[in-house]
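Single-structure report; data block below.
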Amino acid sequence: MMHDNLDPRDGLEPLAPRTPKAVPMLDQELPVDAARVPDAVHAWLDGEPVSEAALSAAPREVAFWQQVEAETSTRRRMVTPAYVQAQIMAKLPDTR
């Protein structure tokens, strides 16, 4: 079965050599140890007592989870303003 070539660039530069396009890398392999989170961070996230020295070994992970906690606590306190709720209720059909 033949397919039509729908590439609009074909035929525009007949003398220019065509080079194969580089396929973009969608997935990247990471070393096994690159994605490993230290056990101290897991214990800290579970609320278990952990020494500061153990947490200082993974400052990037601790900073990330502190930022997640700050963001989620901010979002927990958010409420929909009363006027938005009234607008939503007004748009709903009255089915009785």
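The values are calculated or read from the model by the stated rules, or taken from the named source; none is laboratory data. Quick caveat, the model's predicted, so the values are computed rather than measured. Here Cβ is always computed from backbone atoms with ideal geometry, including for glycine, and neighbour counts include all displayed protein chains.
Structural remarks
- Pairing residues of region 62-78 that are in contact (Cβ under 8 Å) with a residue 12 or more places away in the chain with residues that are assigned to a helix (DSSP H, G or I), at Cβ distances under 7 Å and at least 6 apart in sequence or on separate chains, gives Val62/Val41; Val62/Leu55; Trp65/Leu45.
- Of the set (1) in a helix (DSSP H, G or I); (2) at pLDDT below 90, all apply to Glu69 but (2).
- Of the candidates Ala34, Ala53, the single residue that is surrounded by fewer than 10 Cβ atoms within 10 Å (Cβ to Cβ), assigned to a helix (DSSP H, G or I), at pLDDT 70 or above and not charged (D, E, K, R) is Ala53.
- Of all residues in region 27-39, those that are closer than 23 Å to Ser56 by Cβ have Cβ atoms under 8 Å from Cβ atoms of residues that are modelled with pLDDT of 65 or more and part of a loop (DSSP other than H, G, I, E, B), 6 or more apart or on another chain, in Val37/Ala58; Pro38/Ala57; Pro38/Ala58.
- Count of region 63-92 residues which are aromatic (Phe, Trp, Tyr) and either closer than 30 Å to Pro38 by Cα or in contact with a Phe, Trp or Tyr (Cβ under 8 Å, 6 or more places away or on another chain) (or both): 2
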